[in-house]
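Read the structure below first, then the notes.
Please treat every number below as a calculation from the coordinates, not as lab data. What you are looking at is a predicted structure, and each value in this text was computed from that prediction instead of being measured. In this analysis, Cβ positions are derived from the backbone assuming ideal geometry, glycine residues included, and neighbour counts consider all displayed protein chains.
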Amino acid sequence: MTVTSDVYKHIIIKAAKMSLKFKSNKYKKKTINKKKWYDQDLYNKKRELNIKAKHMSENPYNINIRNNYFKHYREFKKLKKNIRRKFKSKIVKQLDNLLTKNPKEYWNLVNKLKGETEEARDAPEISINNTTWTKYFQDLNSLSDTNKSKINLLNNMLVDLEKENMSNVLDYKVTNQEIFKAITNLKPGKACEEKKLVESSSAANIYSVQEIVSTQTVIVNHGGSCYWNKKMQGNCINLGKDGPLTLLQIGTIDGHVFLFDVWTNKNLFQKGKLKDILESEKIIKVMHSCRGDSAALYFQFEVLLENVFDTQVAHLVMEEHKGRKLPRCIKLADACKQYSENAVVSEEKDDIKEVFAKEDGCFWANRPLTQEMIDYASGDVTALIPEVYETQKKYLEENDLLDTFQDRVYEEITCAHDKKQSTKRYKRQHKVVKGIMKDIPNKYPSDVKFEDITDEDDITAIRKTKFNTKNLHPMLKRLNTEAIKNQLQHLDLQLADEENSFTPKSRSYAFLRTYQNHTDEDIQTEAKRILDEINENILDIMLQKYDPKTSPDMLALNEKEALNTLRPREVRDRKIHPLLLKFYWQMKEENLDSTIHVFREKESDYTIPENFYKWLKFCCSGKVPEEMKSKARRLMRNLDRTFGKGVVPGRQCTSD
């Protein structure tokens, strides 16, 4: 197929520039000239914003300058969004009119928007018939005579080799022992649904869960229980006491991974013998930060973990032994990097976390399991064994730290349901914080600023100290105030940078409500503004990730806190989105049911806050769903009979 070079010259040049992404930095135009919608008003607003940003960088602790900057930043973003929207609407409207009235002008405008050059648009049309194209592509798939002869020669050699030296592989008989050996050597990683478990997606080798569990128990008993360890993880919606556990991952030290779909089949713990494994004192369960998993297992399935090796706790104990007083927790990936040379953690996990954090709140409740879910769930299960586990265990044994380590692990497992362990944990940490704070005035000059302190233990202690602590040294009080302002500034910058892509980083933002009682008025104002903005963003995200069929159990703690700010005045408050209103009333009814349950257990020893008592009276007024109103009235009658009419349980005074 021959064509003149002049006809295709412009095509070759254009293709070369596109493939090489040809750009000239020397003659690069400003962004304002490239974006047709970027007008002079927006340009002036941007310049004004840059000036204010410079002022803020020069005065980072001036709350007025910072507030003024973010006020203009939001105005700029809003103006930019509106101008771009108007420009796009105008173009779409113009295209709609031209498509029917003037097609030629329509395509000229489309090409202009696509950025095509005049040279490309003015190029002559090329007429190539169908026969030419057909012949061209047929020739691409054809072989030359030389290649055909080489292929025939190679085929003949392979046939001769098979006849002389090899038997037909299809005639080879495979024994049961060889099949079992092949199965056990399969790469781990795949899923279990209901009562069946698939170990590999490429070969559907299916066993009942009970058979798998009994097989592993035999391995424990006969293969040495001291060295058959397993790494366990749980995927769930907002893992913890209330967040439903949906998938349990168990990996063995030989690299096998088993996924148990406990969302579909609750019997896996009792009949499937999973409970026996998790509570076994012979099997070592290697986990990273077991607190959330243990709370979910205890409250949802009555499983109390035993013989756990928590690599997070091991890290903290080791750091304390090396001299740290308040070491920070580390992520799984960081633990693998620090204590192993070979352990690898999947880099795609953050992308999938973003999906179920912002787009699909019921991600782990979806069935059937997708390949993406299976790969994510099985990806990092075996990362901690054997190298991370063995490195940490060796250090703990050599330095006589096993007893301390085991006490700390027991705290982690039981602190969610045992108040004694929770109090013990708090007192131990508080004692360390108090000791560090006592030394700070002697360690630094009196005018030191929080941002100049580099010792991580000192920074953590200052942040952990409550601002309303009595008899706090003036210097420590000032540093604590600066630390709070620093935290608020960090949150504010996060909100401004992420804008519509905001993802809650904290399980709860209740500390911002506490800051609203601070003696510093700037902190009060800033904390309230940031909390309002965070709650507004969380509610917007909820509208994206949930639908009317979603159960309130799926909601995260920060989402429930955001719902509590709605304050509807009637059952169908038109000022609130119907989906959010539905979640609000469902959540409140669950709280009411929980209150009724606790009252039945404690009766005369029952106490409630005065604010909750007032809310209970509001529920009796008739501006709530009927079923909820009936429950509230029954509870109120029982409270009146037990404590006296109008008396708040646990208080001597009567409510207004």
Checklist outcome for this item: The local net charge around Val448, scoring Lys/Arg +1 and Asp/Glu -1 for residues other than Val448 whose Cβ lies under 14 Å from its Cβ, equals -3
Item to check | Simple label model, 7 Å out from Cα along Cβ direction - Lys582 to Thr454, nm | outcome: 5.6 nm
Checklist entry - Where the only charges are on Cβ atoms (+1 Lys, Arg; -1 Asp, Glu), what is the dipole of the range 426-565 about its Cα centre, to the nearest 20 debye? => result 1080 debye
Checklist entry - Once the piece of chain linking Gln544 and Lys505 is laid out straight, how much longer is it, given 0.36 nm per residue of separation minus the C-alpha distance between them? => result 12.3 nm
Checklist entry - From the cross-link list Lys434/Lys485; Lys505/Lys575; Lys282/Lys337; Lys394/Lys449; Lys322/Lys449, which pairs have alpha carbons spaced over 32 Å apart? => result Lys394/Lys449
Item to check | Inter-label distance, nm, simple model (7 Å from Cα along the C-beta direction), Glu570/Ser594 | outcome: 3.0 nm
Item to check | Relative exposure of Thr311, Thr514, judged by other C-beta atoms within 10 Å (fewest first) | outcome: Thr514, Thr311
Checklist entry - To the nearest 0.05, how large is the calculated FRET efficiency for Asn50 and Leu95 if R₀ is 35 Å and r is the Cβ-Cβ distance? => result 0.50
Checklist outcome for this item: Of the listed links Lys275/Lys331; Lys424/Lys528; Lys81/Lys464; Lys52/Lys81; Lys470/Lys617, those spanning more than 30 angstrom between alpha carbons are Lys424/Lys528; Lys81/Lys464; Lys470/Lys617
Checklist entry - R0 = 30 Å: FRET efficiency of His473 with Ile65, Cβ-based, nearest 0.05? => result 0.55
